[in-house]
1. Of all the residues that make up the range 45-88, how many are polar (S, T, N, Q) and open to solvent by 40 Å² or more (accessible area, probe 1.4 Å)?
2. Going by the conditions given, is residue 44 of a type in the set (A, V, I, L, M) and either assigned to a helix (DSSP H, G or I) or more than 21 Å from residue 157 (Cα to Cα) (or both)?
3. Give me the pairs, please: first residue somewhere in the range 138-160 and in a loop (DSSP other than H, G, I, E, B), second residue anywhere and modelled with pLDDT of 90 or more and among the basic types (Lys, Arg), beta-carbon distance under 9 Å, and either six or more positions apart or on two chains.
4. Of everything in the range 169-187 that's assigned to a loop (DSSP other than H, G, I, E, B) and more than 17 Å from the chain's Cα centre (by Cα), which residue is surrounded by the most Cβ atoms within 10 Å (Cβ to Cβ)?
5. For residue 78, which of the numbered conditions (1) among the aliphatic types (A, V, I, L, M); (2) out of contact with any strand residue (DSSP E or B) (no Cβ under 8 Å at 6 or more places or on another chain); (3) at pLDDT 95 or above fails to hold?
6. For residues that are of a type in the set (Gly, Ala, Ser) and more than 18 Å from the chain's Cα centre (by Cα), scanning just the range 104-129, find the one that is most open to solvent (accessible area, probe 1.4 Å).
7. Hey, any hits in the range 151-168 for a residue that's within 24 Å of residue 213 (Cα to Cα), open to solvent by 60 Å² or more (accessible area, probe 1.4 Å) and either of a type in the set (A, V, I, L, M) or within 17 Å of the chain's Cα centre (by Cα) (or both)?
8. Could you pull out the residue among 187, 192 that is more than 19 Å from residue 84 (Cβ to Cβ) and in contact with a Cys (Cβ under 9 Å, 6 or more places away or on another chain)?
Amino acid sequence: MDIDWLEPEATARGSVIVVAGRGEHAHVYRRFARRIAFDGYRVAVVENDPAAAARVIAGAEPGLPLTVVGSDSGALTALDLAATHPAVSGVVAAGLLVAGTDAFTGAWDGELEIRSACPVHRGVLSADGALDRGTLGAEAPVATADSLTHVQVPVLVVHGGADALSPVADVLAVTSALPGARVVLVDDGRHDILNDVSHRSVAAEIVQFLERLRLPGTPDILLRERAGALAP
């Protein structure tokens, strides 16, 4: 089931559609959606159904940049939507599945360990109706270098450095096919990187990406300089 658009308190700066991963229901991303909405963006969450996501894209407010954020199998759906819907301005691919991705078929406690170290999010996942347990072992399409060549919009790739399901090295090799993609690795981050321990820092990185989409071609607002580099 989809959730309604979350509206920002002030004038909307853009629209964001979040596509959930395997077995996840929309309310799993409520915390993430609220944080992005707080920063001025209209946010809707859909389960991983390309047709449902396409309907939400069609209903987005015209004239504003539209970004699709996807996690796990939803990341590939988000990239595919960007290639087929001209309204999409950019994509955030989190926990992207690639050819080296391992299927997990263990017990629920092991699935929680792979998904997130955040105690709050683990509580959300453990609640009744949050997700279909065991779906990390289900087959899903994977991204390849060839399959990504049709994506022409800006892409932010966010991946956990400790993702035991989708190896970092394989993700880096595949996403090199995305020209100009920004790749962010989260130190010690796990597979559900939008809802892991560093979810605030990840959301902040995504908001910066959204701001760049609003003003294409402009330099970064926050510049990272080596300590002492500006000293006389």
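1. Count: 2.
2. Answer is no for this residue.
3. That search, which allows pairs on different chains as well, returns 138/22; 140/22; 154/182; 154/212.
4. 177
5. (2)
6. Our first condition is that a residue be of a type in the set (Gly, Ala, Ser); within the range 104-129, this holds for 106-107, 110, 116-117, 123, 126-127, 129.
If we keep only those that are more than 18 Å from the chain's Cα centre (by Cα) too, we end up with 106-107, 110, 123, 126-127, 129.
On the way: 106: 49, 107: 71, 110: 26, 123: 42, 126: 45, 127: 49, 129: 49 Å².
Top of the filtered list is 107.
7. Yes.
8. Going through 187, 192 in turn, the sole match is 192.
The values are calculated or read from the model by the stated rules, or taken from the named source; none is laboratory data. Model, not experiment: these values are computed from the prediction. All Cβ positions, glycine included, derive from the backbone under ideal geometry; neighbour counts span all protein chains shown. The area values use the complete protein model at the heavy-atom level, side chains included, leaving out ligands, DNA and RNA. Shrake-Rupley method; radii C 1.70, N 1.55, O 1.52, S 1.80 Å.
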